1. If residue 154 satisfies all but one of (1) without any contact (Cβ under 8 Å) to a residue 60 or more places away in the chain; (2) away from the ligand (no atom under 14 Å from the Cβ); (3) within 30 Å of residue 104 (Cβ to Cβ); (4) touching a helix residue (DSSP H, G or I) at 6+ places or on another chain (Cβ under 7 Å), what's the number of the condition it fails?
2. Can you say whether residue 184 is more than 15 Å from residue 125 (Cβ to Cβ) and in contact (Cβ under 8 Å) with a residue 24 or more places away in the chain, as far as the supplied structure shows?
3. For the range 201-283, give me every one of the helices (runs of 4 or more DSSP H) that falls completely inside it and has 3 or more residues that are in contact with a helix residue (DSSP H, G or I) (Cβ under 7 Å, 6 or more places away or on another chain).
4. Take the range 41-58 and flag every residue that is in contact (Cβ under 8 Å) with a residue 40 or more places away in the chain, more than 13 Å from residue 234 (Cβ to Cβ) and away from the ligand (no atom under 16 Å from the Cβ).
5. For the subset of the range 99-114 comprising residues that are at pLDDT 95 or above and surrounded by fewer than 19 Cβ atoms within 10 Å (Cβ to Cβ), which member is farthest from the ligand (Cβ to nearest atom)?
6. Tell me which of these residue 63 doesn't satisfy, since it passes every other one: (1) within 16 Å of the ligand (Cβ to nearest atom); (2) closer than 23 Å to residue 155 by Cβ.
7. If I go through the range 109-122 residue by residue, how many of them are touching a residue at least 24 places away in the same chain (Cβ under 8 Å) and in a helix (DSSP H, G or I)?
8. For the range 128-147, which residues satisfy the criterion of being in a loop (DSSP other than H, G, I, E, B) and under 30 Å from residue 183 (Cβ atoms)?
Ligand SMILES: Cc1ncc(C[n+]2csc(CCOP(=O)(O)OP(=O)(O)O)c2C)c(N)n1
């Protein structure tokens, strides 16, 4: 273990952050159902422990390049939650003036971006990481990618190039076992964390439902990349509790599989661990109440922003 970046786990603050992430995604889901948010919406409910696990390992100056399921990664990067919500709720004060929406989030102040093009986060992350390498900085780029995206050629090409030039990029694969309706078992051969082996890229795998496990395994992967040893892969297994998008009828997962979700819920697992450590139900409820109030406050702030002026529709639009 390279202890220079070891970060202790604080159970209460991790629990609070898990809840914040869950409630954040829930109020975005509410926005879709009420008709306030348009377009396809992908929530990361069930992925929270990965974001909470890596958050203290990410430093200001690192870049995070995310996917079509990006909100928690934006929060980890330090994007202002009210500004993020303003974008998702299509308001003028949002990251892209309310015109980009949930798959086009860009925050240059926090070196964060996402893309709805599956597999594109890998080559984009190489660019961010290469720039950091040229500056001889110990900042890195963190590429988030899904298990489905890991089957794209862009991932294979990016592994090759990252190894060839020793580029400081950490590929974090959020392995929720599905790409839309296609199960990993019917689309993916071999083990994703070992896909860099022939290039000399080390890989780690962890249970992405448990903050503590994510944190301790991710520390090693981060240390490898940050200490100038080249790229690394971290695969974190998790569940996607919602459909692929809000409104997906999700006919492809059996009731038995869905019934077992509570056993694999990061929040319920954290509550169990805290209760075993002596925390009372009342204490947990009080944290939950505070978080719910806080998130409602974020949304109220976001909704104070007006809708974009139609006359601004062509601002930021490029023509050849
Ligand atoms: C290049 C490209 N091909 C197909 C799609 C359609 N698409 C959107 S999400 C998705 C599945 C992605 O699965 P995975 O990478 O496992 O991420 P998850 O949705 O499970 O988080 C697909 C095929 C797309 N957006 N881009």
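The values are calculated or read from the model by the stated rules, or taken from the named source; none is laboratory data. The structure displayed is predicted, hence computed values, not measured ones. Every residue, glycine as well, gets a Cβ built from its backbone with ideal geometry; the counts of neighbours run over all protein chains shown.
1. (2)
2. Details: more than 15 Å from residue 125 (Cβ to Cβ): yes; in contact (Cβ under 8 Å) with a residue 24 or more places away in the chain: yes.
Here the answer is yes, as residue 184 does meet what is asked.
3. Values: elements: 211-226, 255-259, 266-276.
Here the list reads 211-226, 266-276.
4. Within the range 41-58, 52, 56 qualify.
5. Per the criteria, the residue is 109.
6. (1)
7. Taking the range 109-122 and keeping what is touching a residue at least 24 places away in the same chain (Cβ under 8 Å), we get 110-116, 118-122.
Filter once more, so that each one left must be in a helix (DSSP H, G or I): 110, 121-122.
Final tally of qualifying residues: 3.
8. Going through the range 128-147, the residues in a loop (DSSP other than H, G, I, E, B) turn out to be 135-140, 147.
Matches in the range 128-147: 147 only.
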